Amino acid sequence: MATQCDVLVIGGGPGGSTAGALLAERGYRVVIAEKSRHPRFHIGESLLPANLPLFERLGVGEAVRALGMMKWGAEFVSPWHEKARQEFQFAEAWNKDMPYAYQVRRADFDTILFRNAEAKGAMTREGCRVQDVTFLEEGAGARVSARHEDGSVEDFEARFLIDASGRDTFLGNRFHMKRRNPRHNSSALYGHFRGAVRNDGRAEGNISIFWFEHGWFWFIPLADGTTSVGAVVWPYYLKQRSKPVEAFFRDTVALCPALAERLAGAELVSEVSATGNFSYGCDRSYGANYVLLGDAFSFIDPVFSSGVMLAMHGGFLAADAVDACLSKPSMALRALRVYDRKLRQGPREFSWFIYRVNHPTMRDLFMGPRNIFRVQEALLSVLAGDIFGDTPIWRSLAVFKGLYYLNSLYHFRRSVQTFRKRRERRRSEEAPLMTGSE
């Protein structure tokens, strides 16, 4: 017989665990099906100040604080500017109430959120991969089939389905609505080092972003002494790989002298992984009895560390929408439309900056910041993830965007050359990429 529940959540990452915990708190029968077992490795260790209120609302603030490394700001390092390093402090953002964030091992962090959902009453299934779903007529729910590690199959009957399957994009693939992002496709290589040179004092936990010819690097210090290092590059560059991924990654690091200097005495303590087709989105975020959230809906680029915050914020939105659908069916369509509008806000606001982060004009603005009309404070609010509340940053952000376009026009020849180069690179982005660790 099928296991009966009100809500089945596919995926036990930050988004799924958040939604599952909130709905279980409200008295719904919730099942969270996670294909792996916690703790499990996941990249994306840098959190935002906007995560902190969400932790408190979930009741996990102390637990996250115990494992996290304090992150008071971010630094950008450029080989093309006389002042090669520019540091930003979250305390200088428009809202002064969120002056820091954390860097975390995602294996431990995700486990905290998953166990919190379990403690609040959600039924959890680990090592349980959802394989098939059949939606019932007239919005009556869904029948879901999942396979456990031992090969056994468990069926579920749920009134509502939440797809928080991350980059597996379960429903996005099933409904053929997942699309590669044509405006910003990227690839990544990453690994963990021990003994990397960090900043001094309170800045030790800050994230560092290093620009280089083919994209940018992240440098994320963790509390256990290791440092997560990754390169986000254009696909054309990854296609040049003709050697094992670790050797190629080391060669890539060597192309960025400022980063190579900080890793000169460091030891690589993990395998190097590579992934292609990094950026994508789905055509829609909901149906009659399902919603998509987090990376199951879209992923742009990790440069502003927005992934976990957007997933958790989406979990809160999903809980409200599902609650409305199940408790007030006549309001379901309105609730789902509100969910869709609010879910899209985050990727939309971040994407304007992300699409342009490697443009010379954007690098100029980051490396020579000015607070005219409070544009620097507004930009720092975006970096902190403070885009959903009442902080009045939008006029200042409009000024910042105007400055970007004016500076691009002033450097017209450079902007045209950048556009042409990017267009040429896009032409080579259709061929398959070599990924993994081969």
* To do: For the range 42-72, enumerate the residues that are open to solvent by less than 40 Å² (accessible area, probe 1.4 Å), out of contact with any Phe, Trp or Tyr (no Cβ under 8 Å at 6 or more places or on another chain) and small (Gly, Ala, Ser).
  => Gly44
* Structure fact -> Taking the range 150-191 and keeping residues within 30 Å of Phe135 (Cα to Cα), assigned to a loop (DSSP other than H, G, I, E, B) and either touching a residue at least 40 places away in the same chain (Cβ under 8 Å) or under 25 Å from the mean Cα position of the chain (by Cα) (or both) leaves Ala164, Ser165, Thr169, Phe175, His176, Met177, Asn181
* Residue in the range 119-139 that is of a type in the set (Gly, Ala, Ser), open to solvent by 10 Å² or more (accessible area, probe 1.4 Å) and closer than 28 Å to Ala223 by Cα present -> yes
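Can you work out which of the residues in the range 25-53 that are part of a helix (DSSP H, G or I) and of a type outside the set (Asp, Glu) is farthest from the chain's Cα centre (by Cα)? Give the derivation first.
Pass one, the range 25-53, residues part of a helix (DSSP H, G or I): 25, 51-53.
Adding the requirement that they be of a type outside the set (Asp, Glu) leaves 51-53.
Numbers: Asn51: 12, Leu52: 16, Pro53: 18 Å.
Here the residue is Pro53.
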* **Close pairs from the range 299-319: first more than 28 Å from Trp234 (Cβ to Cβ) and modelled with pLDDT of 95 or more, partner open to solvent by less than 20 Å² (accessible area, probe 1.4 Å) and hydroxyl-bearing (Ser, Thr, Tyr), Cβ under 7 Å, at least 6 apart** => Met312/Thr18; Gly315/Thr18; Phe316/Thr18; Leu317/Tyr339; Ala318/Tyr339
* Asked: Out of curiosity, is Gly307 open to solvent by 20 Å² or more (accessible area, probe 1.4 Å), under 20 Å from Ala93 (Cβ atoms) and not polar (S, T, N, Q)?
  -> yes
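To keep it simple, each residue is scored yes or no on (1) surrounded by fewer than 21 Cβ atoms within 10 Å (Cβ to Cβ); (2) hydrophobic (A, V, I, L, M, F, W, C).
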site: Gly20; (1), (2): no, no
site: Arg29; (1), (2): yes, no
site: Pro39; (1), (2): yes, no
site: Trp80; (1), (2): yes, yes
site: Arg85; (1), (2): yes, no
site: Phe88; (1), (2): yes, yes
site: Lys96; (1), (2): yes, no
* Across the range 16-35, what is the number of residues that are closer than 30 Å to Asn206 by Cβ and touching an Asp or Glu at 6+ places or on another chain (Cβ under 8 Å)? -> 2
* To do: Run Gly385 past the list (1) open to solvent by less than 50 Å² (accessible area, probe 1.4 Å); (2) modelled with pLDDT under 95; (3) not in a helix (DSSP H, G or I) and report the number of the one that doesn't hold.
  => (2)
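What are the residues in the range 192-217 that are part of a strand (DSSP E or B) and open to solvent by 20 Å² or more (accessible area, probe 1.4 Å), if any?
Looking only at the range 192-217, we keep the residues that are part of a strand (DSSP E or B), and these are 192-194, 207-212, 215-217.
The answer is Arg194, and nothing else.
Just give me the residues in the range 288-303 being in a helix (DSSP H, G or I) and open to solvent by 10 Å² or more (accessible area, probe 1.4 Å), in sequence order. Steps first, please.
Filtering the range 288-303 down to residues in a helix (DSSP H, G or I) leaves 294-296, 302-303.
Hits for the range 288-303 are Gly294, Asp295, Pro302.
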* Using the structure shown, decide if Thr111 is of a type in the set (Ser, Thr, Tyr) and open to solvent by 60 Å² or more (accessible area, probe 1.4 Å). => no
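The values are calculated or read from the model by the stated rules, or taken from the named source; none is laboratory data. Because the structure is predicted, anything quoted here is derived from the model rather than measured. Heads up, the Cβs are rebuilt from the backbone with ideal geometry, glycines too, and the neighbour counts pull from every protein chain shown. Accessible surface areas use protein heavy atoms only, side chains included; no ligands, DNA or RNA. Shrake-Rupley method; radii C 1.70, N 1.55, O 1.52, S 1.80 Å.
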